[in-house]
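Values in this text are rule-based calculations from the coordinates and carry no lab data. This structure is a prediction, so every number in the text was calculated from the model and none was measured. Using ideal geometry, Cβ is built from the backbone for each residue, glycine included, and neighbour counts are taken over all protein chains shown.
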Amino acid sequence: MKIYSITRWGSLYENNRTRDLKKMDWVPIPNKHDGDGYALMMDQDDGPALLGAWLAIIQVASKCDKRGTLLRDSGIPHDSASIARQCRFPREVIERAMDFFSDHELGWLEVSDCEEDGKDGAVIPHEGAATPQLVAKKGREGIEGNISPPNPPSRLPRFVDEAISGAAGRGVPDAFTREVFLEHEGTTWTYAGKPITNWPSYLCSRWMKVKSIQAERERYMTAPKKPFYKTPAVSRPQIVPPWMKDVEEIKRLLRDPDANAARLRVLGEAIPAEAWNLFDKLTEWNQLKQILKKTLCQP
């Protein structure tokens with residue numbers, strides 16, 4: 001029997017979001033139209049039909065128990081008839097697509113021989129058969145990466161569920177575990193320049209630091225605040241120059257400057273020079289100043 005698997009499934013049709021899903025309801029599809037494989041496919045007379053059949057094959061592979069490997073739920077490999085029946089495609093279209101995409105010139109489908117183990121029709125791949133799920137470049141950039149990072153050490157989790165179960169009973173919230181796992185899955189398994197070798201110990205250490213920061217913040221927010229005292233303004237007594245006392249009288253006398261010319265002359269001679277400078281700065285006294293000077297200049 002032959003078993004078909006999608007070439008580079010993990011790097012092309014998986015990303016950091018789909019790896020968290022136990023069941024895929026959608027598949028990320030590359031949108032590259034300038035590659036040799038796509039050009040070779042569309043050069044065929046039935047190129048559009050091959051493209052549609054390829055998308056159907058990918059969707060079937062995403063729902064298999066081992067994603068990317070065309071196996072039925074019973075463990076029996078898919079063939080053109082089973083895929084056509086599941087996708088409601090004409091069998092000859094699927095059969096033509098499987099032959100075309102498994103051709104060595106294209107190589108989008110990998111083919112390996114397998115034999116039944118005699119139990120429920122399950123199959124055993126021969127030695128050297130391709131593994132369907134490759135390790136892809138992880139991160140928020142999704143499927144654009146083509147360079148695969150090294151596998152994490154054996155004591156580190158490979159999936160989110162494994163990371164959460166490895167931290168069970170240690171008091172670390174599942175949300176925090178998921179966040180830390182995705183952080184390192186998207187970059188590297190190092191922290192502060194050092195490799196992470198023990199996942200539970202590292203996760204507990206990170207969580208203790210977060211709790212310490214939260215406790216310090218809460219202690220600061222709940223600490224009694226010292227009262228704020230504002231220094232009261234000191235009232236200083238205003239020193240009124242002696243000549244200011246005559247201002248009101250001058251205003252009253254200026255109502256009839258001709259009749260009060262003698263008194264105005266006496267008061268005007270008592271005003272010092274700095275007072276006249278003050279009159280220049282006080283715009284509301286301009287009229288008073290002009291009348292006063294005119295009166296004082298009278299013979």
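Assorted remarks:
- Potential extension, LEU40-SER102 segment - 0.36 nm per residue separation minus Cα distance: 21.0 nm
- Computed from the C-alpha gyration tensor, the three semi-axes of the ellipsoid equivalent to region 160-214 are 16, 14, 10 Å, from longest to shortest.
- Placing a pseudo-label 7 Å from each Cα along the Cα-to-Cβ vector at VAL210 and SER165 gives an inter-label distance of 2.2 nm.
- Put in line by how crowded their Cβ is, counting other Cβ atoms within 10 Å and starting with the fewest, HIS104, HIS78 read HIS104, HIS78.
- Relative exposure of THR177, THR222, judged by other C-beta atoms within 10 Å (fewest first): THR222, THR177
- Binned Cα-Cα distance frequencies in region 46-106 - 10 Å width, integer %: 24, 57, 19, 1
- When the listed pairs LYS32/LYS66; LYS63/LYS211; LYS32/LYS63; LYS2/LYS22; LYS63/LYS209 are checked against a 31 Å cut-off, the alpha-carbon distance exceeds it for LYS63/LYS211; LYS63/LYS209.
- Theoretical FRET efficiency, 1/(1+(r/R0)^6), r = Cβ-Cβ of TRP26 and THR222, R0 41 Å, to 0.05: 0.30
- Using the Cβ-Cβ distance between ASP113 and GLN86 with R0 = 25 Å, the FRET efficiency computed as 1/(1 + (r/R0)^6) comes to roughly 0.60.
- As a rough footprinting exposure proxy, the listed residues TYR202, TYR220, TYR191 were ranked by other beta carbons within 10 Å of their own, and the order from fewest upward is TYR220, TYR191, TYR202.
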